[in-house]
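Note sheet for the following structure.
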Amino acid sequence: MCALCGVLGGTEHWTDAIARPGVFTRHTDAASRRRERMNRVAAANRVLSCYRMNLADWQGSAFVLSSATGKTEIVDNLAHLWMAAERLLGRPCDPLDEELIALMERERG
Amino acid sequence: MADATPDFTPVTLITGFLGSGKTTLLQRLLLDPTLSDTAVLINEFGEIGLDHHLLERIDETMVMLQSGCICCTIRGELSTAIKDLHSRRECGLLPPFRRLVIESTGLADPFPILSTVRSDPVLRHHFCLGNVITTVDAVNGARQLDAQPESVKQVAVADRLVLTKTDLATAEAADRLTNRLRQINPGAPLLRGVEDDLDADALLSADDDGVERWQPADRHGLTPDDHHRHADDIRALALSFDEPVDWTRFGIWLTMLLHRHGNELLRVKGILNVADAETPVAVHAVQHLVHPPRHLGAWPDGDRRSRMVFIARGLDPALIERSFRAFSSVPHTANRSRGMRQ
């Protein structure tokens, strides 16, 4: 149960599945979890920077999403990231947007 | 009890449009000894005609068949019916069934049923999603695909397709419909209910072998032009790439894609060569719903390329491919072939 909000049993996101037989996850031990969390922040920022937004780890338990104008929002996991980003941005974050794809292609070099 | 019951009981959904042969398929399956450790949730006892095969009537909604299969009608909420079955199993009031089969109504969109199993706070800790089996009527199937969006969706999300009533349709009509089904869903093995000897275990099984089975069908089912053909505004895109996939970047990309286009992305299936993972990872999604990624024991056929199939309504396959490559940092030198290598 979450001590802050009292919600029973957090929602398991597929990118962060609980380790169990047959399931692929990097959610195995403390070091792997920490490493994957850092990777996730870096990978998200690669996309978010195109919107002039930034994601940071918050105490290893959540993330803080910030916009260029200083608006911030706490997000639990990737399931909520894009919803929050669109709220702060006021427009859709679409990975099929050709302008965004072109930016990502340029960043990729 | 712990030994007899798997940690997560797989749930198979049998769907298909009204009159497409779901009940007939169930009648065949229910008599199969393979289903002796299976619980089946059906719409009505009356339709399925179980009287000759009853072993015991447990109560007004539940019976046990001679094969050992538990058969139960759905009254009210589906989640309540599944929880009731689970509760009785845990209390020892029912035999420890190892899988659950649900028959959907003909007009049902399969997504809410799958979503119930994955999202319900109790069910998601005891049940996991198995296969979606879709029956398509060889006589009326083409007309239903034209007129009924639910029918197209039922085909698109299927893991197994069963073409029924082929004895009542002309060979040309059945072949035309087969081609159309292959265009909508190139990944799902297609069986003929009349001619094929349906192996209940293979039909219901959603283990690692399931991924192996859909790939050969892909290779032979797709031609280079298939992904640009319009089929009910639904297009299938098959991608393959040689270089390993960055799992974290892929997760960011697919989550973003499903957040924005989950309603249009009817099905995503893939077997990925993940960087720093020895064995392949299978990814399955139905609209917004992504199954926990599965770590397969070995590559199915020695081909270590990542392969993905997207079945989307109204989305440009070329953009999906370009976006995937840009976000996942796949170098430009990657294999550009979209179809499977023959």
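The values are calculated or read from the model by the stated rules, or taken from the named source; none is laboratory data. Remember, predicted model here, so these are calculated numbers, not experimental data. Glycine gets a Cβ as well: all are built from the backbone with ideal geometry, and neighbour counts include every protein chain shown.
Some observations on this one:
The rows are residues; the columns are (1) hydroxyl-bearing (Ser, Thr, Tyr); (2) under 12 Å from the mean Cα position of the chain (by Cα); (3) over 24 Å from residue B:119 (Cβ atoms).
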site	(1), (2), (3)
A:17	no, no, no
A:29	no, no, yes
A:32	yes, no, yes
A:40	no, yes, no
A:52	no, no, yes
A:59	no, no, yes
A:64	no, yes, yes
A:71	no, no, yes
A:83	no, yes, no
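- Qualifying positions in the range B:265-305 - within 10 Å of chain A (Cβ to nearest Cβ) and not hydrophobic (A, V, I, L, M, F, W, C): B:276, B:279, B:280, B:284, B:288, B:291, B:292, B:293, B:294, B:295, B:297
- Residues within the range B:128-143 that are in contact (Cβ under 8 Å) with a residue 60 or more places away in the chain, more than 15 Å from the chain's Cα centre (by Cα) and crowded, with 23+ Cβ neighbours inside 10 Å, tallied: 2
- Matching residues in the range A:51-91 - criterion: being more than 13 Å from chain B (Cβ to nearest Cβ), out of contact with any helix residue (DSSP H, G or I) (no Cβ under 7 Å at 6 or more places or on another chain), in a loop (DSSP other than H, G, I, E, B) and modelled with pLDDT of 90 or more: A:52, A:68, A:69, A:70, A:90
- Subset of the range A:96-108 [facing chain B (nearest Cβ under 7 Å) and either aromatic (Phe, Trp, Tyr) or touching a residue at least 24 places away in the same chain (Cβ under 8 Å) (or both)]: A:104
- Entry remark, the range B:290-315: residues being over 20 Å from residue B:255 (Cβ atoms) and not in a strand (DSSP E or B) number 11 in total.
- Residue identified as under 26 Å from residue B:19 (Cβ atoms) and touching a residue at least 40 places away in the same chain (Cβ under 8 Å) among B:110, B:95: B:110
- In the set (1) part of a strand (DSSP E or B); (2) among the aliphatic types (A, V, I, L, M); (3) over 27 Å from residue A:42 (Cβ atoms), residue B:285 fails one condition alone, (3).
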